[in-house]
Amino acid sequence: MEASRHDEFGEFVAMRSTALLQLAMLLTGGDRHAAEDLLQIALMKVYGRWGRIEQPEAYIRQVMYRQQVNRWRLRRHRAETTVSVLPESGGTADTAEDSALRIALWAALGRLTKRQRTVVVLRYFEDLSETEVAALLGCAVGTVRSTAHRSLARLRKLVPELGPEESREQARSLSYAPKEVQG
């Protein structure tokens, strides 16, 4: 039975690791090394419970959210400098304008605080309600609202193209653009 559980876990990781790494990249502000660490820690924590988990992807995502929250709560300062790098996209043809907006948005996400970035990713990329985000982060719904509001205002300041109505149309095609930005 242990071998089949191990094989099942390996198959799951092989099938879903790309999507989970993308989420980790968003949570860490585009820092690939931190994203890989976050995903690896989450997978290690989940492996021991693998046979008892009903919805493995949801469970791993929740472990990743909580691990990232722990990182910004601990406020460990590292000597490394975080660098946002746009990962290779697969298959879709972007116009130069869309690519420039996506790069600017990645850079702006990297400039948010860890808490702001986590709220934006959970609320708008993962499409969780304010109540769900508050429960995951262990804070009040009002805290999620105010953090989301300040985060979106900062994103609009850092990427002015996201502010006016015409640029909302441009941002609409970006899969990780916040809902409010999408209009």
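The values are calculated or read from the model by the stated rules, or taken from the named source; none is laboratory data. Source: prediction; values computed, not measured. Positions of Cβ are generated from backbone atoms using ideal geometry, with glycine treated the same way; all protein chains shown enter the neighbour counts.
Go through (1) modelled with pLDDT of 85 or more; (2) in a helix (DSSP H, G or I) and name the single condition ASP127 misses.
(2)
Output the qualifying pairs, or none if there are none: Cβ atoms under 8 angstrom, residues six or more apart or on different chains, first residue in segment 131-144 and under 12 Å from VAL119 (Cα atoms), second residue among the small types (Gly, Ala, Ser) and outside any loop (DSSP other than H, G, I, E, B).
Note: pairs meeting the criteria are VAL141/ALA134; THR143/ALA134; VAL144/ALA134.
For a quick check of your reading of the model, give me the residue pairs whose first member lies in segment 28-41 and is on the phi > 0 side of the Ramachandran plot, whose second is among the small types (Gly, Ala, Ser) and in a loop (DSSP other than H, G, I, E, B), with beta-carbon atoms closer than 8 Å and at least 6 apart or on different chains.
These pairs meet every condition: GLY29/SER84; GLY30/SER84.
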